[in-house]
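The values are calculated or read from the model by the stated rules, or taken from the named source; none is laboratory data. Since the structure is predicted, the reported quantities are computational estimates derived from the model, not experimental observations. No Cβ is skipped: glycine too gets one built from the backbone with ideal geometry, and neighbour counts run over all protein chains shown.
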Amino acid sequence: MLDRLTPSGVAVPAFLITWSLVVILPLLVIVLFSFLQVKSYRVVYVPTLGTWESVIDSGRWIVAVRTLRIAITMTLIELLLAFPFALWLAKGCKSKPAKAIIITLLTIPFFLDTSSRIIVWRSILGTNGIVNTVLTSMGIVDEPISWLLYSEFAVHFGMLGSYFPTMVFPIFMIMSLIDDDYIQASSDLGASPGQTLLYVILPMSLPGVVAGVVFTLVPLMAAFVEPQMLGGGFVNLLGNSVNSALQELKYPTAAALSTIVVALLGVCLAALILITRKRFDMSTMFQAIRR
Amino acid sequence: MIGTSDLPTLALIDERQLADSSRFWRRVSRWKGWPTTAKWLGFFAIAMIYVPLVWLAVMSISQSPLSGIPYPLTTANYAALAADSRWIPPLQVSLVMSTLVAIVCMVIATMVGRSITRMRRPGGVLLLTLLPLFVPGLTMGAALFIFLRTMLGLKMGYWSIFLAQLVWALPFALLLVLVIASRFDLRLLEAAEDLGATPWRRFWDIEMPILRPGVFGAGVFGFLLSFNELLRSLFLRGVETTMPIYNWAMAASQQSQVPIIFSLATIILVVTLPVMGVFFWFLFVKLDRS
């Protein structure tokens, strides 16, 4: 019966084959490519470890460590900001229009041009920027604070708004699914709000937290515009290294660096799954939510 | 008797421990200010998104946008923008490209989305389709570039930008169609078939009206995501330029060009923000009702 209802049985296989060709194959190719060489614009199909040796020798591993550090720090900051806010939005905010406005405000940033949003921080944080102008004119500081712009602080600060919605949305959605009765039951049984949070809300919202962390960490691992425009050359991340390697036509290096990005992400995600699996049983949680 | 005496003792210890060690934490967790704190933390993060946008608009009418003081006010930046015509071709390219991506997204998402709901084990197909969401944009762009340009030796151009943007926008479009399609009752089609409707009429008259919000959403998301895509198109552009690439190049290179993108970005924001606001408002109000 179902077969007759699907008139286009060719559509899905055809799509899947094309999709694998443009998505999966390139990702496999870059791993392979990092072991090859390019000589006079031609790919030499002889395996070599030269690219990896030069990547390690040239100290790019420091860039990888820095990228990982900034990405994890930012993910944690966003989680600390987003988890309480998502809880408030899902359970505390009683006004429906307010909720709709906040959700709309959180959706719009996905569709805004990154460069023009980030470049404007220069005129806020720069030595002649509004913050420093106000601080010096009020006499709080004697001379402009120079570390506000072109520093790791500026990069973190610029990322704060950009990666907030991706963290809030999954957590908010899963928290809206938690039945208010569970929370009520928990407090009826004598749990303090803190205990309810720790033993009822947190375990039930964990899938959303994991999704939020994934969707925030993934773009952060290859952040490019923020470090370029607010780091002022002091905060070189893997994304910038990939870009400069491609511009210098060092394709195997770019491939190796991209492989590092994917590998680091894989390790982070595997660690995330291991940690959460140890603490809470994922499957029972899903069942609890379905009920 | 021994068995029953265990439990009360345990409870007693538990209670005593609670009283001793966690009185502080009890007080912390009963603090009335937590919801307000949570609320303002979130509002702070939202402000971090919108303060730059407001400041962008303010600085676009200021004489030196990269300094901190908006005064003296001037419309010179807008005049410079009107005199400069280099931003028009990228805008046109972006508009055409995004429309194409949106249309292709709608078609593929509808075809694949409605077939996935009829599958017995959709997990694998779904995971494969959503894979680009788990790959950073820059990595995907670099991978596609190395694959297409260096391995296959193809010439980059509009088609490769289109491909990169499609890879990014399609997973979202598919998700939107799936949300609606998974609620679709297949018995409606059986009923239509029993009543003698042809396959095309069954699709167009029965299925499509129900899927329409998802398909429409897929188109809008496809358009918007493609219109602002930078990281992937940056590597796959060849010599072509889209609006986000133009903005990026202007912002990254010479400072003298910055005033123009301030006013350009402001104009685009003034046009798109109300449209998006109204669209998402209706989307969420509608989703809330259903």
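With respect to the conditions (1) facing another protein chain (nearest Cβ under 7 Å); (2) among the hydrophobic types (A, V, I, L, M, F, W, C); (3) surrounded by 17 or more Cβ atoms within 10 Å (Cβ to Cβ), B:L128 falls short on a single one, namely (3).
Yes/no matrix, rows are residues, columns are (1) polar (S, T, N, Q); (2) at pLDDT below 85; (3) farther than 30 Å from A:E248 by Cβ; (4) surrounded by fewer than 15 Cβ atoms within 10 Å (Cβ to Cβ):
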| site | (1), (2), (3), (4) |
| --- | --- |
| B:L176 | no, no, yes, no |
| B:F223 | no, no, yes, no |
| B:S256 | yes, yes, no, yes |
| B:P259 | no, yes, yes, no |
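Checked against (1) within 12 Å of chain A (Cβ to nearest Cβ); (2) assigned to a helix (DSSP H, G or I); (3) among the aromatic types (F, W, Y), B:F184 passes all but condition (2). Among the residues of segment B:194-205, is there at least one that is modelled with pLDDT of 90 or more, under 26 Å from B:A102 (Cβ atoms) and in a helix (DSSP H, G or I)? Taking every residue of segment B:194-205 in turn, none turns out to be modelled with pLDDT of 90 or more, under 26 Å from B:A102 (Cβ atoms) and in a helix (DSSP H, G or I). Note on segment A:195-244: residues that are aromatic (F, W, Y), surrounded by fewer than 23 Cβ atoms within 10 Å (Cβ to Cβ) and either more than 12 Å from every other protein chain (Cβ to nearest Cβ) or over 10 Å from the mean Cα position of the chain (by Cα) (or both) total 2.
Taking the numbered list (1) at pLDDT 85 or above; (2) facing chain A (nearest Cβ under 8 Å); (3) farther than 23 Å from B:F162 by Cβ in turn, B:D288 passes all entries but (1).
Evaluated against (1) farther than 17 Å from A:G212 by Cα; (2) facing chain B (nearest Cβ under 9 Å), A:I62 falls short on exactly one condition, (2).
Residues that are crowded, with 18+ Cβ neighbours inside 10 Å, within 10 Å of another protein chain (Cβ to nearest Cβ) and not in a helix (DSSP H, G or I) do occur in segment B:42-63.
Residue-wise test of (1) among the β-branched types (V, I, T); (2) touching a Ser or Thr at 6+ places or on another chain (Cβ under 8 Å); (3) exposed (fewer than 13 other Cβ atoms within 10 Å of the Cβ).
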site	(1), (2), (3)
A:P26	no, no, no
A:L32	no, no, no
A:V44	yes, no, yes
A:L49	no, no, yes
A:S54	no, yes, no
A:T75	yes, yes, no
A:A90	no, yes, no
A:K94	no, no, yes
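Whenever a residue of segment A:117-132 is facing chain B (nearest Cβ under 7 Å) and surrounded by fewer than 20 Cβ atoms within 10 Å (Cβ to Cβ), its partners that are at pLDDT 85 or above and assigned to a helix (DSSP H, G or I), lying with C-beta atoms within less than 7 angstrom and at least six residues away or across chains, give the pairs A:I130/A:I124.
Quick check: anything in segment B:196-213 closer than 23 Å to A:R122 by Cβ, within 8 Å of chain A (Cβ to nearest Cβ), surrounded by 18 or more Cβ atoms within 10 Å (Cβ to Cβ) and not hydroxyl-bearing (S, T, Y)?
First, the residues of segment B:196-213 that are closer than 23 Å to A:R122 by Cβ: none.
Checked against the condition, which is being closer than 23 Å to A:R122 by Cβ, within 8 Å of chain A (Cβ to nearest Cβ), surrounded by 18 or more Cβ atoms within 10 Å (Cβ to Cβ) and not hydroxyl-bearing (S, T, Y), segment B:196-213 yields no hits at all.
Applying the condition of being closer than 18 Å to A:A71 by Cα, touching a residue at least 24 places away in the same chain (Cβ under 8 Å) and of a type outside the set (A, V, I, L, M, F, W, C) to segment A:245-282 and asking which residue is surrounded by the fewest Cβ atoms within 10 Å (Cβ to Cβ) yields A:T259. Within segment B:238-252, the presence of a residue that is within 22 Å of B:A109 (Cβ to Cβ) and assigned to a helix (DSSP H, G or I) is excluded. The residue of segment B:101-124 that is farthest from the other protein chains (Cβ to nearest Cβ), among those that are in contact (Cβ under 8 Å) with a residue 12 or more places away in the chain and β-branched (V, I, T), is B:I103.
Collect the residues in segment B:70-94 that are in a helix (DSSP H, G or I), among the hydrophobic types (A, V, I, L, M, F, W, C) and more than 14 Å from chain A (Cβ to nearest Cβ), keeping them in residue-number order.
Of everything in segment B:70-94, those that are in a helix (DSSP H, G or I), among the hydrophobic types (A, V, I, L, M, F, W, C) and more than 14 Å from chain A (Cβ to nearest Cβ) turn out to be B:A76, B:A79, B:A80, B:A82, B:A83, B:I88, B:V93.
Considering segment B:147-162 alone, what residues qualify as being surrounded by fewer than 21 Cβ atoms within 10 Å (Cβ to Cβ) and in contact with a Leu (Cβ under 7 Å, 6 or more places away or on another chain)? Listed by number, the residues that qualify are B:L154, B:M156, B:F162.
I'd like to check something: does segment A:201-208 contain any residue that is without any contact (Cβ under 8 Å) to a residue 12 or more places away in the chain and out of contact with any Lys or Arg (no Cβ under 7 Å at 6 or more places or on another chain)? Before you say what the answer is, go through the steps one by one.
So in segment A:201-208, the residues without any contact (Cβ under 8 Å) to a residue 12 or more places away in the chain come out as A:202.
With out of contact with any Lys or Arg (no Cβ under 7 Å at 6 or more places or on another chain) added as a condition, the list becomes A:202.
Yes, the conditions are met somewhere in segment A:201-208.
Scanning segment A:33-62 for residues that are touching a helix residue (DSSP H, G or I) at 6+ places or on another chain (Cβ under 8 Å) and among the aliphatic types (A, V, I, L, M), we see that the one that is modelled with the lowest pLDDT is A:V43. For segment A:96-105, the candidate set comprises residues that are modelled with pLDDT of 85 or more and more than 7 Å from every other protein chain (Cβ to nearest Cβ); within that set, the residue that is surrounded by the fewest Cβ atoms within 10 Å (Cβ to Cβ) is A:A98.
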